[in-house]
Each structure stands twice: as C-alpha cells, then as structure tokens.
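Below you'll find the structure, written out as structure tokens, and then a few comments.
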Amino acid sequence: MMSKLRLSSIIINLKKYMLQDDQAQERAELEENHQAEVVDLAMTQQKEKDAELARLSDLEETARIEKQTAEATATEKAGEEAEAVESKKAL
C-alpha cells in the first residue's frame, strides 16, 4: 500500500496539473475572445470605410450632375442670347 506521503504527493501533482489545465483553457478562451473582438473591430472599420466611400461617391455624382445642369443652363442661355442678337439684327 502506498504511503500517505506518496499519496499526498500524487494528489498535489494532480491538483497542479488540473490548475495548469484550467489556466491554459482560460488563456485559450481569452485569446479566442480577443481574436473575435479584433475581427469585429476590423469588420466595423471596413463597414465605416465602405459607408464613407459610398457617401463620397454620392457627393461626387451630385457634383457631376450639378455641373452638367449648370453647363446645360449656360449653353441654353447662350443660345437664347444668340437668338435675341440675331432677332435684333434682323429688325
């Protein structure tokens, strides 16, 4: 039969092993949670960048349309002025 000292030593070693295993599992869980947070942050930042790009694209499209409208208005006005000058010359 094992001596009490040897049995106590085995129990102590087993408890140490179990504690180390628990600590390793906790570290693994913390690392996994950290990685998940990093991925979530990266995804959030990408969504924000995508939204900003979409906003800038919309602004660019609006500016392009406004420029075309201004150019068309200027061309139309120039045409009307040219017609008015021609009408005055004809009289």
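What follows draws every value from the coordinates through simple rules; no lab data is involved. Computed from a prediction, not measured in an experiment: that's the story for all the values here. Here the Cβ is made from the backbone with ideal geometry for all residues, glycine too, and neighbour counts use every protein chain on show.
Odds and ends about this structure:
- Qualifying residue in the stretch 48-67 (condition: surrounded by fewer than 10 Cβ atoms within 10 Å (Cβ to Cβ) and either in contact with a Phe, Trp or Tyr (Cβ under 9 Å, 6 or more places away or on another chain) or assigned to a helix (DSSP H, G or I) (or both)): no
- Flag: Leu30 does not match the condition of being assigned to a helix (DSSP H, G or I) and exposed (fewer than 10 other Cβ atoms within 10 Å of the Cβ).
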